[in-house]
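I have placed the structure first, in the form of structure tokens, so that the comments after it can refer back to it.
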Amino acid sequence: MGKDNIIKSMLSEKVSMTPNGFVADQLNPEQFADCHELFFDKILEIHSSDITGVEGYGEFNEECKTEYGTCKEFLIDTRAVGFIKTTQD
């Protein structure tokens with residue numbers, strides 16, 4: 001079973017893996033205010049998915065495994081720690 005099929009099997013049937021709709025970063029504040037409820041509806045649909053069998057952090061590889069075993073490894077290797085520290089200073 002391919003990566004997309006494995007991920008799709010974990011997601012709620014309401015979640016579409018095909019992007020459609022809006023890119024929030026491209027909306028002005030008024031446009032976002034008009035459709036923000038749709039954004040939160042999608043977040044709640046994703047939240048209802050059962051991912052109890054997923055371990056690790058990062059994106060899925062072709063075998064549908066994550067690259068990092070711990071959150072610390074993920075943050076250090078992706079340099080997210082430096083970004084977080086820099087933005088908090």
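What to note about this one:
- Residues considered: ILE46, ILE7. Of these, the only one that is among the β-branched types (Val, Ile, Thr), assigned to a helix (DSSP H, G or I) and open to solvent by 60 Å² or more (accessible area, probe 1.4 Å) is ILE46.
- Within the stretch 58-78, being open to solvent by less than 100 Å² (accessible area, probe 1.4 Å), within 28 Å of GLY2 (Cβ to Cβ) and free of Cβ contacts under 8 Å to residues at least 40 places away in the same chain holds for GLY58, THR66, TYR68, GLY69, THR70, CYS71, GLU73, PHE74, ASP77, THR78.
- Single residue of the stretch 10-43 satisfying the filter (among the charged types (D, E, K, R) and in a helix (DSSP H, G or I)) that is nearest to GLU67 (Cα to Cα): LYS42
- For SER12: the one exception among (1) touching an Asp or Glu at 6+ places or on another chain (Cβ under 9 Å); (2) polar (S, T, N, Q); (3) at pLDDT 80 or above: (3)
The values are calculated or read from the model by the stated rules, or taken from the named source; none is laboratory data. Being a predicted model, the structure only gives us computed values, none of them experimental. Every residue, glycine as well, gets a Cβ built from its backbone with ideal geometry; the counts of neighbours run over all protein chains shown. For accessibility, only protein heavy atoms count, side chains too; no ligands or nucleic acids. Shrake-Rupley method; radii C 1.70, N 1.55, O 1.52, S 1.80 Å.
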